[in-house]
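K.L.:
Handing you a structure now.
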Amino acid sequence: MHRSTPGNPPSDGELCRLAEAVFDALREAFDVDTASGTALSPPDEISPYVPLTDPELAVIGMRCAHELHTVGGSRPTIHSDDAVALIGMLEMVLRRLLEDRDESREITDLRELHKIVAEVGILRAFAAAFEGWDPER
């Protein structure tokens, strides 16, 4: 993994902290109860014909953030492609949750985190795509 500098993806530790911040922000903004075991269960079925509720979307986002949080914490670490996929899913969930939403402190905080998640996703995807790429070849 590249060292975190402008233009490079964040380190695994930074990604863990971002995921934790997104998890907490979703929990706070959408009042998801993490104390009960069933609260963190994603919906049984995802269908384009049945729209997901905001709490269901928040739970999906929290699950993605939870998985991303494990990137630096345990071995084996999440594969780079898996991290890119999780970040992409998290970005989509945040975009859906934030569209046409009235501003509050929680939503403003979540919007700022969404910008970071989108940027991280782009940087991680490029890093994964060009890993091992040699422009001299």
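The values are calculated or read from the model by the stated rules, or taken from the named source; none is laboratory data. It should be emphasised that the depicted structure is a prediction, and the values quoted were computed from it without experimental measurement. Positions of Cβ are generated from backbone atoms using ideal geometry, with glycine treated the same way; all protein chains shown enter the neighbour counts.
K.L.:
Could you check how many residues of the stretch 101-131 are more than 16 Å from ALA58 (Cα to Cα), β-branched (Val, Ile, Thr) and either surrounded by fewer than 16 Cβ atoms within 10 Å (Cβ to Cβ) or out of contact with any Leu (no Cβ under 7 Å at 6 or more places or on another chain) (or both)?
P.N.:
Looking only at that region, the number is 2.
K.L.:
To continue, here is another question. I need a count of the residues in the stretch 83-104 that are in contact (Cβ under 8 Å) with a residue 24 or more places away in the chain and not in a helix (DSSP H, G or I).
P.N.:
Going through the stretch 83-104 one residue at a time, the tally reaches 1.
K.L.:
Within the stretch 83-121, which residues are more than 12 Å from the chain's Cα centre (by Cα) and not acidic (Asp, Glu)?
P.N.:
If the condition is that a residue be more than 12 Å from the chain's Cα centre (by Cα) and not acidic (Asp, Glu), then ARG96, LEU97, LEU98, ARG101, SER104, ARG105, ILE107, THR108, ARG111 are the ones that fit.
K.L.:
Also: Does GLY88 qualify as being at pLDDT 70 or above and within 16 Å of ILE122 (Cβ to Cβ)?
P.N.:
Yes: the conditions hold for GLY88.
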